[in-house]
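Read-outs throughout are calculated quantities, based only on the coordinates presented, and are distinct from any laboratory measurement. On a predicted model such as this, the values are computed, not experimentally measured, just so you know. All Cβ positions, even for glycine, are placed from backbone atoms using ideal geometry, and neighbour counts span all protein chains on display.
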């Protein structure tokens, strides 16, 4: 089976060749002096071509017009500019909220779960993934605020003492959502910042001018004393373990926005884990896309990001795609078997209705394509193929949310009120705007933040060595923590 | 010459640093007088030193308790301040309250863990400190609080243990 | 009026199983003339959204007269006309999902209230309403002169971004209650009627007190011809629909 395939070829004539192969393959076995790695990372931040600024300017223009311009226009004029109607009260804004929250899940997953399980391949790209979490959550926030009818009163949803003496309604899944997303946004930002402190100190020590002042402020006087490292290590451990249930709760609660409602197709007990796995499906695919992009566009990243990482991410995507298929089938099976006439009508509408092609596209891009491509080691190590599979998986997950939100809303228990919401409204430029905003934030961050956690890479390299069992050289990892 | 000096001995690797820690003990320097500064996390055990005391777990436990309490306030107290009946549900519904308790507990727990690191490590502090930029290149530095009359002995011992350089430490803006 | 005891579990919820105010609609009498829809819109300052918006499913009327085809063309039968408005559920699914308590259960009138100035427009209530009777102000709609002269001063004019729905003409209920209170008596049957019931030329819509077993609406609701919409969901709707054995093909 592809998942358990050993990454190392077993038959080799010359063991010395094999050792060289291992060192070339694994970043952890190919150590460079720390000073050199620091220089590589600093250079990757400061080497910027004119193309970067052109792309950044285009993105900034899209954000200004497509996102904030369009949003402002919508606030001033009303939600009739969207494609929503009755019964499609929710549509693309909620699709995109769930989409961005899904993408945000991978950062924590890659960084915290793989840290807990000590999966060593995570080390060079944990920060790249964590940045995605924070930036994607910002986009989700924009989408959910855009969704509100009277966004200028959004603070009424904050559980704070107020003049009206009225507190918020904790019966409402939206209130749980507010608490969960808020917790997740704050804790993932803190989780991004803590392991960044030593790298900011590193950047502070080898920069001048405005960068020096910036890093000096951000590094907060970090020196690297034993005590500082101890506090940091303990805090990171607590964060890694505690942020995982928070991450699961966030997408489960997002699913409860639907599952708690009294609607055919939504009221499903399996929605919680189904949504969590769906989030990982889009999120891990997005991590693969980001990792490939920084590997091929940023200077010196070819040292840190190697085919082994594509390989590992590809396997992860394959496993998650299989889990997603399992949950999808589980949800479908039980709804189909239940025989409720409205649910039956809805399932039929999903497959044979006007959006049927989206439903089939979802199955193809979420299941068929990953399964056909990712089982093959050479294909998943191919950046173009992995990127394409990742992109298609994200298209497929967008389609899944589209099927769940607007398409399912078209069928309800009052056949007189069935209706369609296919008019593309202002949500389209606003979605393109959030994509551009995400890319823009990421591009700017890649100039300001060391994208590779150098100290974590060095720690990993200290822990790895090649041992020989008989004639076979094998990778061995010491548990330093 | 003052009777107390700060010396900064810089080592390239763990082994010489561990030897130096032993040598210092032999010379009668207490562990508390030595501060280890490094660019990668090296555990105290690697240098044969005592485990560092950290309050982070306590902060985090305290935060969890405060978070749970504030969750209780939101879930159980606020509905009674302005009782509103919705959807035939009890005024204080049990299952949704569990969600509120969980999220508030986690939120305040993680915030206080984060603040715990700040408080324990005294961040942010921009006062001048004894530091050299080579440390973030992976060097290990021992910052010694040594009696003035032992300076020469210690410098010699450090060099013998394999120190790259031993010099008077000067606080500088970092 | 004493507050009812609040139960610990949802299944124990018995408050106003019958309700205080209720409605009975005789579908055998309804002619589908839409007078109720027009009267409701006048009474409650419901905006007119225009042809285009209405065609896209953004009509604001609080009340709609449903009629469906049954069977495949040309073998079609028409179902009877069925006016559907907010069913004022005793256990309303729309209420608990609002994060800001904009839609709440009134313990005095035992109605389902929409508090416009609390609404932030998440539209969750509308999704969770199995009867799909809630309407949203997608825009501030034009009211060309002299339409503003026709505003009902007893009813708030809603702005864009808030949800609204049938209130059982609560302003009329309050007026009748105030009148009765000043005369030191209870509201009598037939004293108050919402705009739709008042306008109905066939007298198909009957409104009154459900807690009075002698009222017309109570008797009609207990009639063998009476059903409630989507009764199986356990929402305790307060509107009964009456339909006699063989209405045949009304079309």
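How many nm is it between the label spots at residue C:31 and residue C:174, if each spot is 7 Å from the Cα in line with the beta carbon?
3.5 nm
Rounded to the nearest 0.05, what FRET efficiency do residue A:379 and residue A:476 have when you use their Cβ-Cβ distance and R0 = 30 Å? Show your work: numbers first, answer last.
Details: r = 29 Å, r/R0 = 0.97.
With R0 = 30 Å, the Cβ-Cβ based efficiency is 0.55.
Taking a ≥ b ≥ c as the square roots of the Cα gyration tensor eigenvalues, with a/c under 1.5 meaning rounded and otherwise prolate when a/b beats b/c, else oblate, which class fits chain B? Provide the component values of the computation, followed by the final result.
On the way: a/c = 4.04, a/b = 3.51, b/c = 1.15.
Prolate, since a/c reaches 1.5 and a/b exceeds b/c.
Within a 10 angstrom radius of each residue's Cβ in B:107-120, how many Cβ atoms of other chains show up on average? Whole number is fine.
Numbers: counts 8, 1, 6, 13, 4, 0, 12, 10, 2, 4, 12, 4, 1, 7.
Going residue by residue through B:107-120 and averaging, the value is 6.
How long is the gain from residue A:467 to residue A:214 if the chain were fully straight, where each residue apart is worth 0.36 nm and the alpha carbon distance is subtracted? Working shown, then result.
On the way: separation 253, 0.36 × 253 = 91.08 nm, distance 4.34 nm.
Result: 86.7 nm gained on full extension.
Starting from the Kirkwood radius over alpha-carbon pairs of segment A:86-139, derive D by Stokes-Einstein at 37 °C in a medium of 0.692 mPa s and give it in µm² s⁻¹. Present the calculation step by step, with values, prior to reporting the outcome.
Values: Rh = 12.1 Å.
Answer, rounded: 270 µm²/s.
Please report how far the C-alpha centroid of segment B:1-35 lies from that of segment A:335-383, rounded to the nearest whole angstrom.
Measuring centre to centre over Cα atoms gives 65 Å.
What list of whole percents do you get for P(r) of chain A, with Cα-Cα distances grouped in 20 Å bins up to the one holding the largest distance?
22, 54, 23, 2
Could you check the spin-label model distance between residue A:23 and residue A:163? Points 7 Å from the Cα along Cα→Cβ, value in nm.
Each label point lies 7 Å from its Cα, and together they span 7.2 nm.
Assign one of three labels to segment C:161-240, namely rounded, prolate or oblate, based on the Cα gyration tensor with a ≥ b ≥ c the square roots of its eigenvalues; rounded applies when a/c is under 1.5, prolate when it is not and a/b is larger than b/c, and oblate otherwise. Can you show the working numbers first?
Numbers: a/c = 1.68, a/b = 1.24, b/c = 1.36.
Taking the square roots of the gyration eigenvalues as a ≥ b ≥ c, segment C:161-240 is oblate.
Taking R0 as 45 Å, what FRET efficiency do you get between residue A:36 and residue B:32 from their Cβ-Cβ distance, rounded to the nearest 0.05? Show your work: numbers first, answer last.
Values: r = 35 Å, r/R0 = 0.78.
My answer for the efficiency is 0.80.
What is the distance in Å between the Cα centres of segment A:43-72 and segment B:111-155?
Going from one Cα centre to the other spans 40 Å.
Pulled fully out, how much extra length does the chain show between residue A:332 and residue A:57, if you take 0.36 nm times their separation in residues and subtract their Cα-Cα distance? If you can, show how the numbers build up before the last one.
On the way: separation 275, 0.36 × 275 = 99.00 nm, distance 4.49 nm.
This chain segment gains 94.5 nm when fully extended.
Taking the Cα-to-Cβ direction at residue A:388 and at residue A:76 and moving 7 Å from each Cα, how far apart do the two end points lie in nm?
4.5 nm
At q = 0.06 Å⁻¹, what is the log10 ratio I(q)/I(0) for the protein assembly as shown, with the Debye formula run over Cα points and no solvent?
-0.52
Once a ≥ b ≥ c are taken as the square roots of the eigenvalues of the Cα gyration tensor of chain C, is the result rounded (a/c under 1.5), prolate (a/b larger than b/c) or oblate (a/b not larger than b/c)?
Working: a/c = 1.28, a/b = 1.04, b/c = 1.23.
Verdict is rounded for chain C.
Calculate, for residue B:125 and residue B:51, the FRET efficiency according to 1/(1 + (r/R0)^6) with r their C-beta to C-beta distance and R0 30 Å; round to the nearest 0.05.
Values: r = 24 Å, r/R0 = 0.79.
Given R0 = 30 Å and the Cβ-Cβ separation, E is 0.80.
Please build a GNM for chain C, connecting alpha carbons under 10 Å apart, and tell me which residue among C:54, C:182, C:221 fluctuates the most.
C:182
Average partner chain C-beta neighbours within 10 Å, per residue of C:102-112? Provide the component values of the computation, followed by the final result.
Working: counts 2, 3, 5, 6, 2, 3, 0, 0, 0, 0, 2.
Counting other chains' Cβ atoms within 10 Å and averaging over C:102-112 gives 2.
Test of understanding: extend the Cα→C-beta vector of residue A:117 to 7 Å, then name every residue of segment A:257-290 with backbone N under 15 Å from that spot.
A:277, A:280-281, A:284-285
Averaged over A:409-421, how many beta carbons belonging to a partner chain fall within 10 Å of each residue's beta carbon?
Values: counts 3, 0, 0, 5, 8, 12, 4, 9, 7, 2, 3, 2, 2.
Taking all residues of A:409-421 together, the mean is 4.
Report the residues of segment B:20-39 in range of a label on residue B:160: point 7 Å along Cα→C-beta, backbone N strictly under 16 Å from it.
B:20-29
Give me the distance between the Cα centres of segment C:23-42 and segment C:145-189, rounded to whole Å.
19 Å
Which residue, C:90, C:184, C:50, has the most motion in a Gaussian network model of chain C that connects Cα atoms within less than 10 Å?
Of the options given, C:184 has the highest mean-square fluctuation.
Most fluctuating residue of C:205, C:173, C:25 in a GNM of chain C with Cα springs under 10 Å: which is it?
In this elastic network of chain C, the residue with the biggest mean-square fluctuation among C:205, C:173, C:25 is C:173.
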